[in-house]
Amino acid sequence: MRAFTAILIDIYRELSSKRLFWLSLGLSTVVVAAFAMVGINEKGMTIFGILLEIPFVNSTVLEPGEFYKLVFYALGVRFWLAWLACLLALVASAGLFPELVSSGTVETLLSKPILRYQLYLSKFVGGLLFTALQITMFCLASFVVIGVRGDAWEPGVFLAIPLVTLLYSYLFAISALIGTVTRSGIAALLLTVLIWGFLFSLNLSEMLVNSFRIAQIEEIAAIDRLVATQREKDVAVDTSDLTLEREEAVSTLATLSKAHQILFITKSILPKTEETAQLLQRWTVHAANLEAAAADDEDETQSKRSRRRGDGNFGTTRARERDVTAAIERDQHGRSLWWVVGTSLAFEAAVLAWGCRVFSRRDF
Amino acid sequence: MPEAAIDLTSVKKTYKGQIHALREVCVRVERGEIFGLLGPNGSGKSTLVKILLTVVKPTLAQGTMLGRPIGDKASLARVGYLPEQHRLPPYLTARQAVEFSGSLSGVSRVDRRRRADELLETVGLRDWKDRRVSGFSKGMRQRAGLAAALVNDPQLVFLDEPTDGVDPVGRKEIRDLLVKMRSEGRTVFLNSHLLSEAEQVCDRVAILLQGRIVTQGHLNDLLQLKGRYVLQVRWSGSIMELPGCETPRVVDQADPLLAHYIIPSSEPQGAQAAIDFARARGGVIESLTAERQRLEDLFMRAVTDPISGEALPPGAAP
Ligand SMILES: Nc1ncnc2c1ncn2[C@@H]1O[C@H](COP(=O)(O)OP(=O)(O)OP(=O)(O)O)[C@@H](O)[C@H]1O
Ligand SMILES: [Mg+2]
């Protein structure tokens, strides 16, 4: 325990000796301050006291509390925390593990009565803790801003702390491994960012292919429904056109399903950075989405329009747009927490174990 | 026989399956002595120390350190280590670096505060305690590193070339520190290729050569064993050979009739025949000095290939 505390203090000293650490803290403050400067009233949105009249964005449509929450999730979490702050934290911490294994210092550390894997994990947990601390500070400040400005005290904001820390931990484990193997902070940073980009595009392609796949399923269902209604009216009606269309859709679906399966399996093994960040929206903005869907239902003209040929979504022609959207959303939300977080953590554990192994076996 | 501080019966290390850094090492270090491990570059000195400190994994390690098997982490709490070319984290002050080292060794907060203060004064960094290590000169870093190695009040201290980069005054201070540690009952294991230094402080030495210990023993015994006499004779005519002596040498070219003879004997009797012989032929004895062999001679003899007569090249033998 004494050693762990010492390593924590040491990490703090190492990080705080870097300009980047203070830069990211400073930027965090700026983001929160900007957040506090954004306001909403009956006429529209204000930024630094300047009124912007954007349709639907005023306090008659959107409660100020809702507005702040929306800004917090859309910009504060999804953009700032999940992207920029994570990146800054990666940059700041990229040197931690190369420093750990650098010759001249590693000998002293290894000659202490601490097991090697404990050293490695202490450094990892320590690095993580400092990022968590930064995220906590940001969330706390945002909590106050939403409370004071929007008059909504929203404890859900703090869910961002474990989620963003989790997301960061996947990447930090990779950066730690690369830093240990290559002994270079730059290599650790660049390769980690590259892998992050790969994970992001993998997620994007999986999402897209999946949307097309689900749309095809809806399309087939829509055709079936259409055939059924036509048969109901007139048993002898000629539906060969529709049958042809259906066959085409089935074969497209088969191709899409195969492609999706490959992407999905790949994604299942790898950490899911995007989906982890999205969990927050899934839990907190969930209710709002449902209401929006209900409002959509009432908007009959829109659904009628969607029923026309050629106006569908994701390559569909017959399925109604809102059916497709709802089906995609159902599928997304059907992915269990275990699948999103559990498999990502399993990957992280494997990367950590690998790093420990490399560190434990090497001669310094 | 009391328990030794280090008792190695067999240590071997092969790096990456091909570099035989240590072939067969058998060393015994008694408690409370200063032990010097000498050897040319690449002979495996640092490798041996790193194995004892679990920095390098041995291929084979039989033996004990402080009564525990090699590789036992817990016993390292009572061991201090100054690595070769060590580097203190540049973002720490000297005091922080020493205290960090202490806390990793499990020293309580109060103790490490006190000892950091004391040690930094001992190594002469009184005015630099709260300055960042990044601004230190090489010798100052070495001093700070020494303080960091001693913060856990170790029973056994490993110093891998501690005087590297330290000025003459600092070297003297470090030597005095070693002697002081010995008087406090600590065991010091010193890696060095500065033979004159080792000669001044070590009780016992071992010479490591291409991964094998070639000589080991008390310094006095080793040097006595191969002691010699130097005889200076002034001739009036030409220089003659003397019985029992090596070939005469003229040291001072301005004085070509003064010959130096080396008598390879540790007993004065060995010189008598040569003296009688020289006097009988008109030689005047200028001086006879008993010359304890210097460690350097012992070392050079150990590292010289007896067949080719050349010193062995650095690095592990293939
Ligand atoms: N990490 C390593 N990987 C591979 N070979 C190594 C490693 N460390 C040392 N060696 C090799 O092992 C041999 C012994 O090296 P070692 O550092 O123990 O020598 P040394 O006696 O301390 O030399 P010096 O006096 O120069 O410090 C050398 O031939 C060296 O090339
Ligand atoms: Mg060495």
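All of the numbers you see were taken from the coordinates with simple rules; none came from a lab. Computed from a prediction, not measured in an experiment: that's the story for all the values here. Every residue, glycine as well, gets a Cβ built from its backbone with ideal geometry; the counts of neighbours run over all protein chains shown.
Report, as a whole number in µm² per second, the diffusion coefficient that Stokes-Einstein gives for segment A:137-269 at 4 °C and 1.567 mPa s using the Kirkwood radius over alpha carbon pairs.
Numbers: Rh = 19.7 Å.
Here the translational diffusion coefficient equals 66 µm²/s.
When all alpha-carbon pairs of segment A:1-151 are counted, what percent fall beyond 28 Å? Write out the running numbers ahead of the final one.
Numbers: 4327 of 11325 pairs.
Everything past 28 Å amounts to 38 percent.
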Discussion item. Quick one: the Cα spread of the protein assembly as shown along its three principal axes, in angstroms, biggest first?
Written reply: 146, 58, 52
Worksheet entry | A:ILE47, B:ILE70, B:ILE34 arranged by Cβ crowding within 10 Å, fewest neighbours leading | A:ILE47, B:ILE70, B:ILE34
Worksheet item: So what is the calculated 222 nm ellipticity per residue for the protein assembly as shown, using -39500 (n - 2.57) for each DSSP H run with n of 4 or more, over all residues, to the nearest 500 deg cm²/dmol?
Response: -17500 deg cm²/dmol
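Could you tell me what a quarter of the Cα convex hull surface of segment A:140-213 works out to, in nm² with one decimal place?
For segment A:140-213, the mean projected area of the Cα convex hull comes to 7.6 nm².
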Worksheet, complete the sentence: Averaging 1/r across every pair of distinct alpha carbons in segment B:45-129 and inverting yields a Kirkwood hydrodynamic radius, in angstrom, of 14.6
Worksheet entry | Relative contact order for segment B:36-101, counting Cα pairs under 8 Å that sit 6 or more residues apart, in percent | 18
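Can you compute the equivalent ellipsoid semi-axes for chain B, i.e. the square root of 5 times each eigenvalue of the Cα gyration tensor, sorted largest first and rounded to whole Å? Intermediate values should be presented prior to the final figure.
Values: eigenvalues 394, 110, 61 Å².
Three semi-axes, in Å: 44, 24, 17.
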Response to the item:
Cβ density ranking, 10 Å radius, fewest first, applied to B:VAL98, B:VAL284, A:VAL106 yields B:VAL284, A:VAL106, B:VAL98
Worksheet, complete the sentence: Contact order relative to length for chain A, counting C-alpha pairs under 8 Å separated by 6 or more residues, stands in percent at 19
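From the C-alpha gyration tensor of segment A:6-52, pull out the three semi-axes of the equivalent ellipsoid (sqrt of 5λ each), sorted largest to smallest, in whole Å.
Working: eigenvalues 292, 17, 4 Å².
The three semi-axes for segment A:6-52 are 38, 9, 4 Å.
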Worksheet item: So for chain A, what percent of the C-alpha to C-alpha distances run longer than 29 Å?
Response: 55
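Which whole-number percentage describes the relative contact order of segment A:189-281, with Cα contacts under 8 Å and a sequence gap of 6 or more?
Working: 42 pairs, mean separation 46.5, N = 93.
Answer for segment A:189-281 is 50 percent.
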Discussion item. Given the C-alpha atoms of segment B:167-296, compute the convex hull and give its volume per residue in Å³.
Written reply: 160
Worksheet, complete the sentence: What one gets for segment B:180-245 as the Kirkwood radius, inverse of mean 1/r over different Cα pairs in Å, is 15.5
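Could you give the longest part of chain A that holds none of the trypsin sites (Lys or Arg not before Pro) found in DSSP loops with at most 11 neighbouring Cβ atoms within 10 Å? Don't jump to the answer; show the numbers that get you there.
Values: sites that count: A:ARG308, A:ARG309.
Counting at most 11 other Cβ atoms within 10 Å as exposed, the longest clean stretch of chain A is A:1-307.
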Discussion item. Compute for segment B:73-208: radius of gyration divided by Kirkwood radius, i.e. Rg/Rh, restricted to C-alpha atoms, rounded to two decimals.
Written reply: 0.94
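Find the eigenvalues of the gyration tensor of the Cα atoms of segment B:41-87, then list the square roots of 5 times those eigenvalues as equivalent ellipsoid semi-axes, largest first, in whole angstrom. Spell out each step's value before the answer.
Numbers: eigenvalues 67, 42, 13 Å².
Computed over segment B:41-87, the values are 18, 14, 8 Å.
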Worksheet entry | Alpha-carbon Rg/Rh ratio, for segment A:70-201, with Rh computed the Kirkwood way | 1.07
